[in-house]
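Here is the structure we will look at.
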Amino acid sequence: MTSTIPAVVSRAAGNGRIIAASLPPGSQLTDGIEQVCVEHGVETAVILSVIGTIEEIRLRNPRDITTLPIHQEHEFADEIDTVVLRRPMEILSIQGNVMMLEGKLWAHCHGLFSEAGGQVRGGHVFRGTIWSQGEVFIQELSGIRIDREKEMEITGLPQIRLHGCDVGPGDGR
């Protein structure tokens, strides 16, 4: 039987600089991460850690009835569930990556946040506002360029494209 699943594509990157940043109260979370990368000339990075507190967060998760391809992924689109939480909350963890999408740097973040009483909420982060501080640690990837391009047929979502560096085992090495 022949598999219809596409081959995995991988590349090995080198470790670049680790950048630490402090996002002040009232700053916008994803915009702040993107600004830090611009200031340091970083186009491809991994978000190692973000902790601190937020006062508002907008999260996305698929609905039970969501199917692929997704045609609209913006806040409050019919195909996804957008949750807006407006209260001080701890940032338990945010991870993700930063790369180019449609000619602009884009911080793609997923996060976990705890409300009073310890209830945890999470999902894809559209945006959020820092309450007391955001402690951000980003690792630049060297020797590789990764960007995103919308893939319309299967997922409808921006998918990563790998350029440069060593070819991985799935690519015939």
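Key figures
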item	result
Within the chain, helix-based [θ] at 222 nm, where runs of 4 or more DSSP H residues each add -39,500 (n - 2.57), nearest 500	-2000 deg cm²/dmol
Alpha-carbon gyration tensor eigenvalues x 5, square-rooted, for the chain, Å	28, 23, 13
Residue among THR53, SER27, VAL38 farthest towards the positive dipole end of region 22-78, charges placed on Cβ	THR53
Angstrom value of the Kirkwood radius, inverse mean 1/r, which spans all Cα pairs in region 20-59	11.3 Å
Loop-resident sites, region 40-121, for chymotrypsin sites (Phe, Trp or Tyr not before Pro), counting at most 15 other Cβ within 10 Å (DSSP)	PHE76
Relative contact order (%) - criterion: Cα under 8 Å, at least six apart; region: the chain	37 percent
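No value in this document is a laboratory result; all are computed from the given coordinates. As the structure is a prediction and not an experimental result, all values here were calculated from the model. No Cβ is skipped: glycine too gets one built from the backbone with ideal geometry, and neighbour counts run over all protein chains shown.
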